[in-house]
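Below: one structure, written as C-alpha cells.
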Amino acid sequence: MAANSAITVTGLDFDTIRLNLRNFLAGKPDFADFDFEDSAIGTLLDLLAYNTYYNAFYANMAANEGFLDTAQIYENVASRAKMLGYLPTSARGPTANVLVSFTVPANSTFRTISVTKDTQFTASVNGISYTFVTPQTYAIYANSSNRFSGYINITEGTPLTHRFLFSAANTSFVLPNANTDISSITVAVTTAGNTETYNVANDLNTVNAISKIFFIEPDRNKLYKISFGDGIMGRKPSYNSTVAVSYRVCNGTRANGANNFTAVGTVGGQSSFTLRSMNRANGGAEPESIESIRFNAPRLYETQNRAVTREDYRRLILRDNPDLGAVNVWGGEENDPPIYGKVYAAVKPKVGTLISTNRKEQIKAGIRQYNVQSIDLELVDPTYLYVVPTLTVRYDPTQTTLAASEVVASIANKIISYESTNLNRFDGRFRFSRFLDFIDSADASIASSTGKIQVQKKFKPSTTAQNTYTITFNRALFHPSAGYVSAVSSTSFTLEGQTCFFDDDGYGNLRVYYVSQGSKNFVRTSIGTVDYVNGIIKINSFLPTAIGNGGEIDLRVEIEEYNVSPVRNQILLIAGSKITLINDNTGAIDARLETVSTLGNTTSLNSSSIAQLTAY
C-alpha cells in the first residue's frame, strides 16, 4: 500500500480534522492494522485534532478582529472605527430646563446673579437620587420689577477633575472612569503659571500648528483618552505643563424623567429661591454598542464632516446625539407645502416618544457647524399613523393541542411581534401579505387568514376654543364610487349635548351624527371636507364640549392600498386589532379577541395645546 504523503485539508471542524489525520496515518505502512478508535493512538489523534482545531479557531478570530465588519471585541471595533475618523459616542447625562426665581430684590448696584458652572442639584428617579449640575455659568439679570428670575439647564452627572503632568513619557491621558460624558470634557493647560484653555478638535481643516486643541480617542474597557497635537497638527504643550481635565461621570438613561429638583446648597450665592421644572430630564443615553459603531462608522465617513445631503444630516445627528433612536430627514422641497432653504428632521428618542424644545435647540446648534450652505434645520416631532387590522383566521382544531382561546393568544403575540420587529421606526413598512404570512405561522393548525386594513390618526381637540384641524393620511382613501359612505369613521365626542361621531357623505363632506334607535341623526351635514385622492380631512370650526377616550378622537379611514409606508415624520404602529377564529371544519366561530396589547394601543403624541394638526 502506497504511503499517504500529504494530509487532506477539507474542513476546519473537529471531526473532519481528526478524519484527515487518521487517513494520513492509516496510509503509512508503519501503522498498518492499527486500531485508531479504541487504542492509545486514538487518544493521540483526538489531542492532535483538538490542537489543530484550537489553532484554526484562534487564527480565524485573530483575522476577524482586524476588520470592522467581523470584529467582536469592543477595543478592536473602536480601533477600526478610529481609522475612519469615527469616535464612538459615550454615555450622556439627561438635561432638564429649570426656572430659578430669587427672593432677594435688585438695586442700583446689584443687577446680576451669576449661577456658576457645576452648581449642584439633586432629583430622585425610582427611589434613587441623582446629581445634576449646571454645565456652564449662567448670568441672571434683574427684570423690570427688580426681581431675578431666569431659565437654566442642569445636566445629570458628577463633576470630576484630573490633573496630569505633560512630559516626554506622558503625552496622553486615559480618563479612568466608566460612563464618562465626553460632551462635558474641558481641558486647561498650565505652563509657568499661565493657564490656557484647549478646545476639542472637531474639524482638522481649521487646525494649524498653533491651534490649542485636544483629541478624544477610544481606549480599552470603553474608557477615553485625551491627547494633544504634535506641533504641526495642533499645538504641543510644553513639557512639565500641568494638564487639568474636567468632565462629568453620568448614569446614562437611568436619570431620564427626573422632574423635582432640589439645590444642594446656595444658588448664585443666594439661599432663598424657588425652582420650577420646565420639562422632565431627557437626553440620557448609554455608551454606543458594538453593532451601532459597526453600522455608523463607515456611513459617517461618507459625510466627511459636512452636512449637504439628507444622509449627511441624519448621520451627524445620530452621531452627536446618542439618546436618539431614529432620525428621518427630508428637504424643504419635499415638504407639504414645499418650503425652500430648509432641511426638516424628525427625531425619535430611544426612551419615550418626544424630545423637549430645549433638546431640539441643542441639536440644531450642534449641526450648524457642519452646514456648508445657508440651510436652516427644522426639527419636527414624529407623528404616529396606526394600522388597524381586522382579521378572520380559519383553523383545524384537530391539528393542534391548543384550545381556541390559546390559538387566538398565539395570533395576538404574532401581531405584537410584527409591530416590534417591522414597525415603530421611520423606515418601518407594513406589508399586508407578509403580515398574513406571519399570522399563519402562529400555529400549525391555521389553514388561512384574511382581513382588511384601516389606518387611524389621533388628535386632541380643544374643548374651550373653536379651532380648525387638518388631518393628513398621505395616501388615497378607498372610495370606489360617488356616494360610498364608509371611508371615514371615528370614536365618540360630545357636541350639542349628544354623543356624536364623524363620517362622510360619499361626496367629500365630513358629517357629525349621533345614533338614536339604531338610526343616524345628523347634527352637522358639513363640518368639513374629505379629500379622497390625497387622504386629507379638514374639520372646520370644531368645538366639542367633551371627549371620551382620554380626550382624544380616533379618526379612521379605509385605504385603497393595504401596503402602508410612512411618509416623512410618520411612524407606523398597530392599534385596535380584532381577531375572529373560525373552525374550518364546521364554520363556527370558536373564539374572538377585540383587543391586542400592541404598543399602538397606548402610544400617542398629541397635545391639548394643538390648534391645528398637520402631518408633515
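The values are calculated or read from the model by the stated rules, or taken from the named source; none is laboratory data. What you see is a predicted model, and the numbers here were worked out from it, not measured in a lab. In this analysis, Cβ positions are derived from the backbone assuming ideal geometry, glycine residues included, and neighbour counts consider all displayed protein chains.
What pairs come out if I take residues in region 412-438 that are surrounded by fewer than 19 Cβ atoms within 10 Å (Cβ to Cβ) and pair them with residues that are of a type in the set (Lys, Arg) whose C-beta lies under 6 Å away, six or more apart or interchain?
PHE438/LYS414
Can you name every residue in region 137-162 that is farther than 17 Å from THR274 by Cβ, under 31 Å from the mean Cα position of the chain (by Cα) and touching a residue at least 40 places away in the same chain (Cβ under 8 Å)?
Of everything in region 137-162, those that are farther than 17 Å from THR274 by Cβ, under 31 Å from the mean Cα position of the chain (by Cα) and touching a residue at least 40 places away in the same chain (Cβ under 8 Å) turn out to be ASN153, THR155, GLU156, GLY157, THR158, PRO159, LEU160.
Picking from TYR340, TYR384, which residue would you name as being surrounded by 15 or more Cβ atoms within 10 Å (Cβ to Cβ) and of a type outside the set (Gly, Ala, Ser)?
TYR384
Of all residues being of a type in the set (Gly, Ala, Ser) and part of a strand (DSSP E or B) in region 196-242, which is nearest to PHE164 (Cα to Cα)? Just the residue, please. It would help to see each step written out before you state the result.
Within region 196-242, the subset of a type in the set (Gly, Ala, Ser) is 201, 209, 211, 227, 229, 231, 234, 238, 241.
Still in the running and part of a strand (DSSP E or B): 227, 241.
Details: SER227: 12, SER241: 8 Å.
Among them, the one singled out is SER241.
Hey, can you tell me all the residues within region 425-460 that are more than 30 Å from ILE536 (Cβ to Cβ) and either not in a loop (DSSP other than H, G, I, E, B) or not aliphatic (A, V, I, L, M) (or both)?
Residues satisfying the conditions are ASP437, PHE438, ILE439, ASP440, SER441, ASP443, SER445, ILE446, ALA447, SER448, SER449.
Restricting the search to region 103-122, which residues are outside any loop (DSSP other than H, G, I, E, B) and in contact (Cβ under 8 Å) with a residue 40 or more places away in the chain?
ILE113, SER114, VAL115, GLN120, PHE121, THR122
Out of (1) closer than 30 Å to ARG22 by Cβ; (2) surrounded by 11 or more Cβ atoms within 10 Å (Cβ to Cβ), what's the single condition that is false for GLU75?
Condition (1) is where GLU75 drops out.
Quick test for you: out of GLU594, GLU552, pick the one residue that is surrounded by 14 or more Cβ atoms within 10 Å (Cβ to Cβ) and within 25 Å of THR390 (Cβ to Cβ).
Details: GLU594 fails: surrounded by 14 or more Cβ atoms within 10 Å (Cβ to Cβ).
GLU552 is the lone residue from the list that is surrounded by 14 or more Cβ atoms within 10 Å (Cβ to Cβ) and within 25 Å of THR390 (Cβ to Cβ).
Identify, please: which residue in region 214-228 is out of contact with any strand residue (DSSP E or B) (no Cβ under 6 Å at 6 or more places or on another chain) and farther than 16 Å from TYR247 by Cα and is, among those, surrounded by the most Cβ atoms within 10 Å (Cβ to Cβ)?
For region 214-228, the residue satisfying everything is ARG220.
Just to be sure, is THR309 in contact (Cβ under 8 Å) with a residue 12 or more places away in the chain and among the hydroxyl-bearing types (Ser, Thr, Tyr)?
No: the conditions fail for THR309.
Any idea how many residues of region 502-532 are in contact with a Ser or Thr (Cβ under 7 Å, 6 or more places away or on another chain), surrounded by fewer than 20 Cβ atoms within 10 Å (Cβ to Cβ) and of a type in the set (Phe, Trp, Tyr)?
Going through region 502-532 one residue at a time, the tally reaches 1.
I'm trying to understand the selection: among the residues of region 287-329, which are modelled with pLDDT under 80 and assigned to a helix (DSSP H, G or I)?
Result: ARG299, LEU300, TYR301, GLU302, THR303.
Taking the condition of being under 32 Å from the mean Cα position of the chain (by Cα) and without any contact (Cβ under 8 Å) to a residue 40 or more places away in the chain, how many residues in region 207-237 meet it?
Taking region 207-237 as the starting set, the residues that turn out to be under 32 Å from the mean Cα position of the chain (by Cα) are 213-227.
The next check asks that each one be without any contact (Cβ under 8 Å) to a residue 40 or more places away in the chain; those that pass are 213-215.
Of the residues in region 207-237, 3 are under 32 Å from the mean Cα position of the chain (by Cα) and without any contact (Cβ under 8 Å) to a residue 40 or more places away in the chain.
Quick check on region 243-286: of everything there that is within 28 Å of the chain's Cα centre (by Cα), assigned to a strand (DSSP E or B) and of a type in the set (Ser, Thr, Tyr), which residue is modelled with the lowest pLDDT?
SER277
Among the residues of region 576-614 satisfying the criterion of being touching a helix residue (DSSP H, G or I) at 6+ places or on another chain (Cβ under 9 Å) and more than 24 Å from TYR395 (Cα to Cα), which is modelled with the lowest pLDDT?
SER608
Evaluate region 355-375: report whether one residue or more is among the aromatic types (Phe, Trp, Tyr) and either surrounded by fewer than 17 Cβ atoms within 10 Å (Cβ to Cβ) or assigned to a strand (DSSP E or B) (or both).
Within region 355-375, none of the residues are among the aromatic types (Phe, Trp, Tyr) and either surrounded by fewer than 17 Cβ atoms within 10 Å (Cβ to Cβ) or assigned to a strand (DSSP E or B) (or both).
Of TYR151, TYR58, TYR74, TYR53, which residue is on the phi < 0 side of the Ramachandran plot and modelled with pLDDT of 85 or more? Steps first, answer last, please.
Working: TYR58 fails: modelled with pLDDT of 85 or more; TYR74 fails: modelled with pLDDT of 85 or more; TYR53 fails: modelled with pLDDT of 85 or more.
The match here is TYR151.
Which ones in region 376-422 are in a loop (DSSP other than H, G, I, E, B) and more than 23 Å from the chain's Cα centre (by Cα)?
ASP396, THR400, THR401, LEU402, ALA403 - these are the residues of region 376-422 that are in a loop (DSSP other than H, G, I, E, B) and more than 23 Å from the chain's Cα centre (by Cα).
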